[in-house]
Amino acid sequence: MKGDVMSRTIGVIGTGEIARMHMEAVGPLGWKVAGGYDVDKDAAQAFCETFGGRIYESAQALLDDPSIDTVYICTRHDSHAALGCAAIVAGKNVFLEKPAAITASGARQLLEAHLARPVPFAVGYNMRMAPATQRFCSLLKQYSVQVSAFKASMTGPPFMDGWASDPIQGGGVLVCQGSHMFDLLCYVLGSKVAAVCVATQRLELSAEREPNAATLLVRLENGVCGTLLLHDRGTASFHAETEGRMVSLTVYAPQGTFEMDAYGKVRWGTEDGFFEELPSPDRNQCVSWGYAAQAAEFSRLLDTGTSCLCTPEEGAATVAMVEAARAAAKTGVWTRIKQA
């Protein structure tokens, strides 16, 4: 399904906040929104009133519409693999919000479906495309950085009180935030995660909920080790502000120390001195959080077959990392990742 990007017609499954962010991002591309489906009809109606198109009676009805060539899947985590497989079978271009699946078995099903019908397919890890991340990667390349160690964290305002910490639909902190950070570490540092040791907590959550906080020791396949802190007990004014302190990554190397707030600034210190930069002064979250660049990169994937977005294989590898982390949290010992 290649051709003029102006001819893309999008169907959206799951029409909540993230879907709205994606449609804002694709707006400049001139793509047409055919409509959307959501289990909450009020949400679907509000979405269509804003972005156009019609309300579909089911996800399958949307996938059966021959006028739609591209599908955005922005539902809760437990439905990602099944809907992704259905979209592949329908022959659509697929943008699947992260994670690719909530279990390794779901990820394998997705990979098998894609192998049988390799349609253009991307998994939505927006932090890859954030201006700060792109600038950070260019700095590591510029200074030929050889990473000795790292520390990373993801802290957001409370959001796991609802479906995100539900054992079936959301999976808790290791799925919601862990998948984001595993993908970011692999993308930026250029090595997969080999093993993890994990401790989790429930902060102001009941026992039937999945944990909303985790501390991890992480060893990469290249032997580099680091730490990762995850939780949702931050504040919007500090962690989700324009210059961003929600996602932090610091790299220590013989060439210097390099740090980024994925949605904000980059800072680095070398023998030449200390430097600080805000790669994107644009206060629009769609830009600073990477959604605009992600949409453009998805367009490039549809046109050329190549992009730096997360592939189905990379998405499945991240699911395997999350599954290993969840197992490690139960045993308290180092756990190796079993790749999909």
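The values are calculated or read from the model by the stated rules, or taken from the named source; none is laboratory data. What you see is a predicted model; the values in this text were computed from it and never measured. A quick note on method: Cβ atoms are made from the backbone with ideal geometry, for glycine too, and the neighbour counts reach across all protein chains shown. Accessible surface is based on the protein model in full, side chains and every heavy atom, while ligands, DNA and RNA are left aside. Shrake-Rupley method; radii C 1.70, N 1.55, O 1.52, S 1.80 Å.
Worth pointing out:
- Accessible carbon and sulfur surface of the chain relative to its total accessible area, %, 1.4 Å: 53 percent
- Segment 247-277 residues near the modelled Ser144 label - backbone nitrogen below 14 Å, point 7 Å along Cα→Cβ: 254-256
- A P(r) calculated from all alpha carbon pairs of segment 9-86, with 5 Å bins opening at zero, reads 3, 17, 32, 27, 16, 4, 0 percent.
- Span from the segment 109-174 Cα centroid across to the segment 226-274 one, whole angstrom: 16 Å
- In this Cβ point-charge picture (+1 for Lys and Arg, -1 for Asp and Glu), segment 192-340 has a dipole of about 660 debye about its Cα centre.
- Nitroxide proxy distance, nm - points 7 Å out along Cα→Cβ at Glu277 and Thr235: 3.1 nm
- Other residues lying with their Cβ under 11 Å from the Cβ of Thr70 contribute a combined charge of +2, Lys and Arg counting +1, Asp and Glu -1.
- Two-decimal Rg/Rh across the chain, once Rg and the Kirkwood Rh are taken from alpha-carbon atoms: 0.96
- Averaging Cα coordinates gives a centre for segment 184-221 and one for segment 39-89; these two points are 31 Å apart.
- Dipole size of the chain about its Cα centre, with +1 on Lys/Arg Cβ and -1 on Asp/Glu Cβ: approximately 740 debye, rounded to the nearest 20.
- When the charge dipole of the chain is built from unit charges on Cβ atoms (+1 for Lys and Arg, -1 for Asp and Glu) and taken about the Cα centre, the candidate among Gly52, Val123, Val12 whose Cα reaches farthest toward its positive end is Val123.
- Volume of the Cα convex hull of segment 181-240, divided per residue and given in Å³: 100 Å³
- Taking 0.36 nm per residue of separation and subtracting the Cα-Cα distance, full extension of the segment from Thr9 to Thr257 would add 84.8 nm.
- Estimated inter-spin distance, Glu49 and Thr306, nm [label 7 Å along Cα→Cβ]: 4.5 nm
- If you sort Glu313, Glu243, Glu271 by accessible surface, 1.4 Å probe, largest first, the order is Glu271, Glu313, Glu243.
- Environment charge of Met260, counting only residues whose C-beta is closer than 9 Å and scoring Lys/Arg +1, Asp/Glu -1: +1
- Note on segment 66-141: along the principal axes its Cα atoms extend 42, 31, 23 Å, ordered by decreasing extent.
- Dipole in debye (nearest 20) - segment 158-277, about Cα centre, beta carbon charges: Lys, Arg +1; Asp, Glu -1: 340 debye
- Of the listed residues Phe275, Phe136, the order by accessible area with a 1.4 Å probe, largest first, is Phe275, Phe136.
- Positive-end residue of Ala25, Pro167, Thr70, charge dipole of the chain with Cβ unit charges: Pro167
- Take segment 182-340 with all the other protein chains still there, run a 1.4 Å probe, and you get 44 Å² of accessible area per residue.
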